[in-house]
1. Take residue 191 and decide whether it is surrounded by 14 or more Cβ atoms within 10 Å (Cβ to Cβ), among the small types (Gly, Ala, Ser) and on the phi < 0 side of the Ramachandran plot.
2. Can you tell me how many residues in region 80-136 are more than 16 Å from residue 67 (Cβ to Cβ) and either surrounded by 18 or more Cβ atoms within 10 Å (Cβ to Cβ) or touching a residue at least 12 places away in the same chain (Cβ under 8 Å) (or both)?
3. Tally the residues that are closer than 21 Å to residue 191 by Cα, of a type in the set (D, E, K, R), in a loop (DSSP other than H, G, I, E, B) and without any contact (Cβ under 8 Å) to a residue 60 or more places away in the chain, restricting the search to region 228-276.
4. Can we say residue 205 is in a loop (DSSP other than H, G, I, E, B), in contact (Cβ under 8 Å) with a residue 24 or more places away in the chain, surrounded by 17 or more Cβ atoms within 10 Å (Cβ to Cβ) and within 22 Å of the chain's Cα centre (by Cα)?
5. So, in region 231-263, how many residues would count as being among the small types (Gly, Ala, Ser) and surrounded by 13 or more Cβ atoms within 10 Å (Cβ to Cβ)?
6. Failed condition for residue 228, given (1) over 16 Å from the mean Cα position of the chain (by Cα); (2) closer than 30 Å to residue 3 by Cβ; (3) among the β-branched types (Val, Ile, Thr), with all others met?
7. Mind checking whether some residue in region 243-251 is within 23 Å of residue 69 (Cα to Cα) and at pLDDT 95 or above?
8. Anything in region 122-133 that is of a type in the set (Ser, Thr, Tyr) and in a loop (DSSP other than H, G, I, E, B)? List them, or say none.
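The values are calculated or read from the model by the stated rules, or taken from the named source; none is laboratory data. Values in this document were obtained by computation on a predicted structure and should not be read as measured data. Methodologically, a virtual Cβ is constructed for each residue, glycine included, from the backbone with ideal geometry; neighbour enumeration extends over all protein chains shown.
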Amino acid sequence: MSIEKVRENVYAITDGTTRGNVAAYVLPTQIVFVDSGMHIPLMKKFREYIEKETGKNASTLFITHEHGDHVFGNQIFEDCEIITSESTQKAMVESQKNNWTPENLEEWKKNAEDPTALEGLRIVMPTKTFADEYELVDGDVKVIIKRTGGHTEGSSYVYCPNYKVMFAGDNLFNHSFPWGGTPTSNPMKWAKALEEYLSLDVEHYIPGHGSISGKEPLEEFLAYLNKVMNFMKEMAEAGKTEEKILEEADKIEYYPPRREGWKALTLKKWYDVVLN
């Protein structure tokens, strides 16, 4: 685990050890964490390190979306307010019923690269929700969490205008093909979200996966996303079949996916949304 000091009062882990990236914003009187990763012991160490380093206590955990690699460390913040969008809360409830079964959780524990990563895992749900936007103000510092949709319907970003740092969650996979095959993934909302990110005064973007960056990877991904959507529309208007459109869209150059099969499933989902 490598803890990066993004700038004064902002820390993050982006080396992949926690699976999904995680971050901490140190405010005047408290610490706000963002996402909890998928490695319980490392998340515990991260919290302890930031609290010791700053002499302040964690008060809040913001959750950007519902996937396990961003929420399975929630139990480390059980004494804090855990805040997410209503859409993400709903998706987590559904996952708890249908996907996060004891059998599945045991299987994930067995298959984890680090066998200690999910020891003692308990699903801890959010304690507070918001519809579209929530602001936390501490002294003269403001932290905003806003839902945009995109990667999932509940996908939200966390932005501190004072520090000029944004945690983009999985709407940003820096230098790799994104996962966009979830049931609520929407490439049109995703593109609008990226446009919003670029319009804000941000110096450091923390992605859900990948390294911290400036605006360049966002501009690159937005250009690719728009190119794919426009290409699909043009091919459909020309009478091409779904099979042909997906075959040709696959040839548009971008970074390789982190997992086998991601690209095909993502392009299929984008096709379904854009053309239906």
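1. yes
2. 19
3. 3
4. When the stated conditions are applied, residue 205 does not pass them.
5. Qualifying residue count, region 231-263: 2.
6. Looking at each condition in turn, residue 228 falls short on (2).
7. Looking through region 243-251, none of the residues is within 23 Å of residue 69 (Cα to Cα) and at pLDDT 95 or above.
8. Selection gives 127 alone.
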